[in-house]
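Okay, so here's the structure we're looking at.
The values are calculated or read from the model by the stated rules, or taken from the named source; none is laboratory data. The structure presented is a predicted model; accordingly, all values stated were derived computationally and were not measured. Glycine also receives a Cβ, built like all others from the backbone with ideal geometry; neighbour counts cover every protein chain displayed.
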Amino acid sequence: MANEVQSEAAKAVGPASAEPEEFFDTVERGSVEELLDAGAHSDIDAMRHSAAHVMAESVQGIFPDAQLGIGPSIEDGFYYDFLLPRPLTPDDLAAIEDGMRTSIAADHAFVRKEFPFAEGRAYFESVNQPFKVEILDDLAARAKETGEPLPPTSTYSHGAFTDLCKGPHVASTGKIGPFKLMTVAGAYWRGSEKRPMLQRIYGTVWSTQAELDAYLLRREEAKRRDHRRLGVQLDLFSFHDVSPGSAFWHPKGQRLWRTLETAIREVQDRRGYQEVSTPMLVHKKLWEQSGHWANYKDSMFVLESEGQTFSLKPMNCPESTFIYKSKLRSYRDLPLRLSEFGRLHRNERSGTLSGLTRVRHFVQDDAHIYLRPDQLQEEIRALLGEVYEVYGWFGLEPRFTFGTRPDKALGDPALWETAEAQITAALESFGKPYRLKPKDGAFYAPKIDIQIEDALGREWQTATIQVDLVMLPERFDCTYIDENGQAVRPMTIHRAIYGSLERFIGVLVEHFAGAFPVWCAPVQAVVIPIADRHGGPARELGALLSARKLRVEVDDSDSRMQNKIRLAQEQKVPYMLVMGDREVEARTVSIRNRAGEQENGVTWDAFIDRLAEETGARKP
RNA sequence: GCCGCCUUAGCUCAGUGGUAGAGCAGUUGUUUCGUAAACAACAGGUCCAGGGUUCGAGUCCCUGAGGCGGCUCCA
């Protein structure tokens, strides 16, 4: 319950987010309005949606029996869904593009027509477009429900192609800019697993060739930074079919991991957390009590022993209550901050797994804070400060999104109101901008989600702060003794700063393109002796650095210096310390950083102090 | 889970149904070098797994696994 860290995150992933409005209610998803409204709210949207029509025309030219789904404009481009007699191949895409170019060259005008409903419906039935008929029927059903008159059916035609469409469009096909069809994917009709699987073609289109080129370049860059690719190149982690969805951490990846873990642990120690550790294997009755068994049984790894049913924990929160309740708590004990690096398992469906961002096993830097209602505002403000401090180590600016009480919320509305007022006060006094998402809270908790934007402008959901009013306090009957000797309910805050360590590292890899800040780089410096006779002093310097807990390697292989530098550059090591005759003589090093800048004649001690200071300061 | 595509040496990738290939990495030798690749030789394979078609399968077909792009899901 507490953590949507990993899940929310997945939404933000992906080059062309097909669902820019991921906050659509499930009920709203695939609604008639949405199906008809191609999302053309600007000129570029109109052009993209027009390109979708032209693509549909081309597809229909190749497959006369093609049945059309919907074809909206999306971020960066458009798509259109089709039911086709056979799967599309990359060759088909080229042919479809050719057809589109022909249509664009012909510069057909887009012509809007309106028909009485029955006439429009009869038309789409006559041309065997059942999906369009279904949209119209839903529209009619909706009109009947609301008692409003049936709207006329509007179509847009260009050349010989006609589509059910609300518009708007550009004036003519010739107005469509440079485009490229990107990929074919499967997509359920109206997003329902129970409906037919259609073939979706994604395309991108821009006003100018330069914009298209820039977009394609951006995608190449994203591919270059892909953590799955860099993870191999930098020897950080790997995945194997014996444990799909779980990373194997190599020494360098584990060093990065440990550095991040040590850093947040230091913050937690300073901020009054107490670290705990709870079992990974838990009896199902705990999940029955928390309510998760009913909803998430299928997503848990379940096993039997001696006739009892256990599962690997998919979250930490319920177990923390056992520690809270292990003794009677006084109002003086609060806030009680219990942190845990919990190893969680969630049985995500095989098709959803992806690198470090969607995994079956992950570790959360989780914490559960038990507090009195009067402590809420201050605690929240402290947590916002905590997020700020930690994200500052990476030069990331956190964005806060405040989600308030949803319609289906549990618990006393008055309690919700007080909590929301406290959170608002905390956000206001913290003084950083935040977004308000009414009704976007969890059903048991108002929450502040934290997003970051990476170097490529992609947004990622990482941290979360949730004020649990119901689940832990009520379901697990947590109490403390107040000043009057009465047993009363505490509030609970679930929070994670990195979120999932796996995911956070994945984001860092892509954000920094593998060139991590000096303080957390798996290898901070490589000592490069020029010839064999410099190996001794090089190892000596390496030992001095290691003694200060700095992460250093000595490349005393018999390759040439140039090659050693190349390897270190490829590994994005921040400092290359070249040691030849001059340096050994003076006990100095010649420093080359990964940007290629050089600084000669730096004494060993000066460099060691500098690196130690830089590491301690955790500067991005 | 669903649709499509992919899987060949440690890595990146070639490979017409007819003897399994390259570059890098590795090993060995030579070289001892001043800021992004010294030279040479050697070694390296269950062509993802299992069935099938064929005189003959890395190549064609079927089943499965894993990955990728999406859809759905995501406490």
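Numbers below:
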read-out: Residue pairs meeting the criteria (Cβ under 9 Å; at least 6 apart or on separate chains; first closer than 16 Å to A:LEU544 by Cα, in the range A:578-601; second among the acidic types (Asp, Glu) and within 8 Å of RNA strand B (Cβ to nearest atom)); value: A:VAL589/A:GLU583
read-out: Residue satisfying all of: in the range A:435-458; under 20 Å from A:ILE497 (Cβ atoms) and over 19 Å from the mean Cα position of the chain (by Cα); farthest from RNA strand B (Cβ to nearest atom) among these; value: A:PRO446
read-out: Residue check, A:ALA66 among the small types (Gly, Ala, Ser), assigned by TED's automatic domain parsing to the domain that holds A:GLY99 and either buried (at least 23 other Cβ atoms within 10 Å of the Cβ) or in contact with a helix residue (DSSP H, G or I) (Cβ under 7 Å, 6 or more places away or on another chain) (or both); value: yes
read-out: Selection within the range A:93-148 - among the aliphatic types (A, V, I, L, M) and within 24 Å of A:LEU181 (Cα to Cα); value: A:LEU93, A:ALA94, A:ALA95, A:ILE96, A:MET100, A:ILE104, A:ALA105, A:ALA106, A:ALA109
read-out: Residue list for the range A:276-287, filter: within 11 Å of RNA strand B (Cβ to nearest atom) and basic (Lys, Arg); value: none
read-out: Candidates A:PRO413, A:PRO473, A:PRO446, A:PRO490, filtered to the one that is free of Cβ contacts under 8 Å to residues at least 24 places away in the same chain and surrounded by 20 or more Cβ atoms within 10 Å (Cβ to Cβ); value: A:PRO473
read-out: Answer residue from the range A:235-257, given it is in contact (Cβ under 8 Å) with a residue 60 or more places away in the chain and of a type in the set (Ser, Thr, Tyr) and is surrounded by the most Cβ atoms within 10 Å (Cβ to Cβ) among those; value: A:SER246
read-out: Verdict on A:LEU567 being aliphatic (A, V, I, L, M) and either in contact with an Asp or Glu (Cβ under 8 Å, 6 or more places away or on another chain) or within 8 Å of RNA strand B (Cβ to nearest atom) (or both); value: yes
read-out: Residue list for the range A:574-589, filter: within 41 Å of the chain's Cα centre (by Cα) and near RNA strand B (Cβ under 8 Å from one of its atoms); value: A:MET576, A:VAL578
read-out: Those residues of the range A:218-267 which are assigned to a strand (DSSP E or B), within 9 Å of RNA strand B (Cβ to nearest atom) and among the small types (Gly, Ala, Ser), in sequence order; value: A:SER238
read-out: Members of the range A:364-390 found to be basic (Lys, Arg) and in a helix (DSSP H, G or I), listed by number; value: A:ARG381
read-out: Criterion violated by A:ALA210 - all others in (1) within 16 Å of RNA strand B (Cβ to nearest atom); (2) part of a helix (DSSP H, G or I) satisfied; value: (1)
read-out: In the range A:321-332, the residues that are more than 16 Å from RNA strand B (Cβ to nearest atom) and either of a type in the set (Gly, Ala, Ser) or surrounded by 15 or more Cβ atoms within 10 Å (Cβ to Cβ) (or both); value: A:ILE323, A:TYR324, A:SER326, A:ARG329, A:SER330, A:TYR331
read-out: Strands (runs of 3 or more DSSP E) (entirely within the range A:437-535) containing at least 2 residues that are among the hydroxyl-bearing types (Ser, Thr, Tyr); value: A:459-468, A:491-500
read-out: Criterion violated by A:GLY616 - all others in (1) surrounded by fewer than 19 Cβ atoms within 10 Å (Cβ to Cβ); (2) more than 10 Å from RNA strand B (Cβ to nearest atom); (3) more than 26 Å from A:GLY231 (Cα to Cα) satisfied; value: (3)
read-out: Evaluation of A:LYS180 against (1) touching a strand residue (DSSP E or B) at 6+ places or on another chain (Cβ under 8 Å); (2) under 25 Å from A:ALA118 (Cβ atoms) (one fails), failing number; value: (2)
read-out: Residue satisfying all of: in the range A:346-357; surrounded by fewer than 24 Cβ atoms within 10 Å (Cβ to Cβ) and under 30 Å from A:ILE323 (Cβ atoms); nearest to RNA strand B (Cβ to nearest atom) among these; value: A:ARG346
read-out: Strands (runs of 3 or more DSSP E) fully within the range A:268-315 counting 1 or more residues that are modelled with pLDDT under 95; value: A:302-305
read-out: Some residue of the range A:375-389 being of a type in the set (Ser, Thr, Tyr) and crowded, with 20+ Cβ neighbours inside 10 Å; value: no
read-out: Candidate set from the range A:182-197 (those that are more than 22 Å from A:ASP98 (Cβ to Cβ) and near RNA strand B (Cβ under 8 Å from one of its atoms)); member that is surrounded by the fewest Cβ atoms within 10 Å (Cβ to Cβ); value: A:GLU193
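For (1) within 15 Å of RNA strand B (Cβ to nearest atom); (2) under 27 Å from A:LEU371 (Cα atoms), each residue gets a yes or a no:
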residue	(1), (2)
A:GLN274	no, yes
A:GLN289	yes, yes
A:SER299	yes, no
A:GLU304	no, no
A:GLY307	no, no
A:LEU312	yes, no
